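The values are calculated or read from the model by the stated rules, or taken from the named source; none is laboratory data. Bear in mind that the values here come from a model prediction, so they are computed numbers and not experimental data. FYI the Cβ positions are ideal-geometry reconstructions off the backbone, even for glycines, and counts take in every protein chain you see. For accessibility, only protein heavy atoms count, side chains too; no ligands or nucleic acids. Shrake-Rupley method; radii C 1.70, N 1.55, O 1.52, S 1.80 Å.
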Amino acid sequence: MRIFSGIQPTGTKHLGNYIGAIRQYVEGQERAHAAGDDALFCVVDLHAITVAYDPAELRTRLYDTTAVLLAAGLDPAKCILFRQSDVPHHAELTWLLSSVVPNGRLARMHQFRDKSAAQRELVSAGLLFYPVLMAADVLAYRADEVPVGEDQREHLELMRDAARDVNRRFAPELGSGEGGERGLLIVPEQRTPPVGARIMDLQDPARKMSTSSGSVEGTVYVLDEGKALEKKFKRAVTDSENEIRFDRAEKPGVSNLLEILAASRRTTIDEAVASMADARGYGDLKVAALEAVDAELAPLRERYAELRPDETALEAALATGAARATEIAGEVLSDVREAMGVGVPRGVSVPGRG
Ligand code: AMP
Ligand code: TRP
């Protein structure tokens, strides 16, 4: 099985990104490596330019995000870690896919509606096209599996439909690309973690933890430590009872803390609840969650401090990944161009062209 995921080089990565996505990348890297398959992880700078941004800050954030991924355990010797814009095939496949993706569907995507409502000046065409570029990211590698958080469900559905439509329309003879069958493109599966696919804001447990829309006090960043980290947990919003039980609808704050506790300790939610049987109140739950998160993130913080300053080494790691990604995407794009009838036909030699 081939694994692909992407992450935006925006803001500072938070506990939701870490538990929902980054930790799954590391697990996927190990699983793919053991099976002799590829796992690709892409820092998606082309997605980051679809909303207002500062070019110099984008460069800084790209290194921040790359260093977080390496610090979390991605290893360029075991996976393909690269920058999206280094592989031009993503942009080309976006355009080719744009011929099968309905415009009305893009306009109805939740993320497009939310983000375009939040833009003060320009709602760019790029924002509308965001899901097509994301589909191209994955489909350009014929990836089987996409580790992401729960919030990416709509994007994954669009991607799967785009793959099906291309296969049906341009290469039905090659197979459906689904259920283990080969095809021009592969219809990928979303993979979310059993615990922690949607971590909520500590101050507003009805909202997901998010860089762009959440509260700073309710967002736990992967590099938070000491008093700052402690404060966020101690001030987490709970409810007016004092019963520790998992019930997302009735007790969203307590349930979120239990989920963070379970995910950080790598146990089930039932085990997390059972471990709190002797707790005197929510204060104990907050301390337990804080300690579990701190223990989980401490090694990442240390490695990040070592890795982040050496931008030349970060560029070198990304360059290695880009070279291998380009090989794979180049082959897939050549098949797609052939099936769609664009470019020089296969087997035809053109005078003056290699
Ligand atoms: P982004 O930073 O938007 O590129 O997101 C990177 C990854 O983190 C994606 O796979 C998201 O689905 C995941 N993610 C973002 N927010 C959360 C959250 N609150 N809980 C779980 N996963 C999340
Ligand atoms: N849209 C994803 C997010 O906001 C990032 C992303 C871009 C992605 N391309 C991808 C995720 C391809 C998985 C696969 O988190």
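Name the residues in segment 306-354 that are among the aliphatic types (A, V, I, L, M) and under 23 Å from ARG61 (Cα atoms), would you?
LEU307, ALA313, LEU314, ALA316, ALA317, LEU318, ALA319, ALA322, ALA323, ALA325
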(Q) Quick check on segment 151-160. Is at least one of its residues of a type outside the set (A, V, I, L, M, F, W, C), under 26 Å from LEU46 (Cα atoms), surrounded by 17 or more Cβ atoms within 10 Å (Cβ to Cβ) and away from ligand 1 (no atom under 12 Å from the Cβ)? (A) yes
Q: Take the residues in segment 129-150 that are away from ligand 1 (no atom under 15 Å from the Cβ) and part of a loop (DSSP other than H, G, I, E, B), then tell me which one is farthest from MET1 (Cα to Cα).
A: ALA140
Q.
What's the number of the only condition in (1) surrounded by fewer than 18 Cβ atoms within 10 Å (Cβ to Cβ); (2) at positive phi that GLU178 fails to meet?
A. (2)
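I'd like to check something: does segment 212-233 contain any residue that is open to solvent by less than 30 Å² (accessible area, probe 1.4 Å), at pLDDT below 95, within 16 Å of ligand 2 (Cβ to nearest atom) and out of contact with any helix residue (DSSP H, G or I) (no Cβ under 7 Å at 6 or more places or on another chain)?
Looking only at segment 212-233, we keep the residues that are open to solvent by less than 30 Å² (accessible area, probe 1.4 Å), and these are 214-215, 218-220, 222, 224, 229, 232-233.
Going one step further and asking which of them are at pLDDT below 95, we end up with 214-215.
After this cut, where a residue has to be within 16 Å of ligand 2 (Cβ to nearest atom) as well, the list is 214.
Those still in the list that are out of contact with any helix residue (DSSP H, G or I) (no Cβ under 7 Å at 6 or more places or on another chain) too: 214.
Within segment 212-233 (the criterion being open to solvent by less than 30 Å² (accessible area, probe 1.4 Å), at pLDDT below 95, within 16 Å of ligand 2 (Cβ to nearest atom) and out of contact with any helix residue (DSSP H, G or I) (no Cβ under 7 Å at 6 or more places or on another chain)), the answer is yes, since at least one residue qualifies.
Has segment 312-324 got any residue that is of a type outside the set (Asp, Glu) and in contact with an Asp or Glu (Cβ under 6 Å, 6 or more places away or on another chain)? Please lay out each step first, then the result.
Quick first cut of segment 312-324, residues of a type outside the set (Asp, Glu) only: 312-314, 316-324.
Narrowing further to those that are in contact with an Asp or Glu (Cβ under 6 Å, 6 or more places away or on another chain): 322.
For segment 312-324, residues of a type outside the set (Asp, Glu) and in contact with an Asp or Glu (Cβ under 6 Å, 6 or more places away or on another chain): present.
Within segment 81-92, does at least one residue satisfy the condition of being within 12 Å of the chain's Cα centre (by Cα), modelled with pLDDT of 95 or more, at negative phi and within 14 Å of ligand 2 (Cβ to nearest atom)?
Residues of segment 81-92 within 12 Å of the chain's Cα centre (by Cα): none.
Within segment 81-92 (the criterion being within 12 Å of the chain's Cα centre (by Cα), modelled with pLDDT of 95 or more, at negative phi and within 14 Å of ligand 2 (Cβ to nearest atom)), the answer is no, since none of the residues qualifies.
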Q | segment 208-232: number of residues that are more than 9 Å from ligand 1 (Cβ to nearest atom) and more than 14 Å from VAL293 (Cα to Cα) | A | 5
(Q) For GLU157, only one of the following conditions fails: (1) acidic (Asp, Glu); (2) assigned to a loop (DSSP other than H, G, I, E, B); (3) closer than 30 Å to ARG266 by Cα. What is its number? (A) (2)
Q: Could you list, in sequence order, all residues of segment 172-197 that are in a loop (DSSP other than H, G, I, E, B) and either aliphatic (A, V, I, L, M) or in contact with a Lys or Arg (Cβ under 6 Å, 6 or more places away or on another chain) (or both)?
A: GLY175, LEU184, LEU185, ILE186, VAL187, VAL195, ALA197
Q. With respect to the numbered conditions (1) within 17 Å of THR192 (Cα to Cα); (2) near ligand 1 (Cβ under 7 Å from one of its atoms), which one is the sole condition not fulfilled by THR10?
A. (1)
Q: Can you give me the number of residues within segment 1-48 that are more than 20 Å from GLY177 (Cβ to Cβ) and acidic (Asp, Glu)?
A: 3
Q. Restricting the first residue to segment 343-354 and requiring it to be charged (D, E, K, R), which pairs with a second residue that is open to solvent by less than 100 Å² (accessible area, probe 1.4 Å) meet a Cβ separation below 7 Å and a spacing of at least six or different chains?
A. ARG346/GLU338
Q.
What pairs come out if I take residues in segment 87-115 that are in contact (Cβ under 8 Å) with a residue 40 or more places away in the chain and pair them with residues that are open to solvent by 60 Å² or more (accessible area, probe 1.4 Å) and charged (D, E, K, R) whose C-beta lies under 8 Å away, six or more apart or interchain?
A. LEU96/ARG337; VAL100/ARG169
Q: Would you please list the contacts, defined by Cβ atoms under 7 Å and residues six or more apart or on different chains, that run from a residue in segment 57-71 that is basic (Lys, Arg) to a residue that is at pLDDT below 95?
A: ARG61/THR10
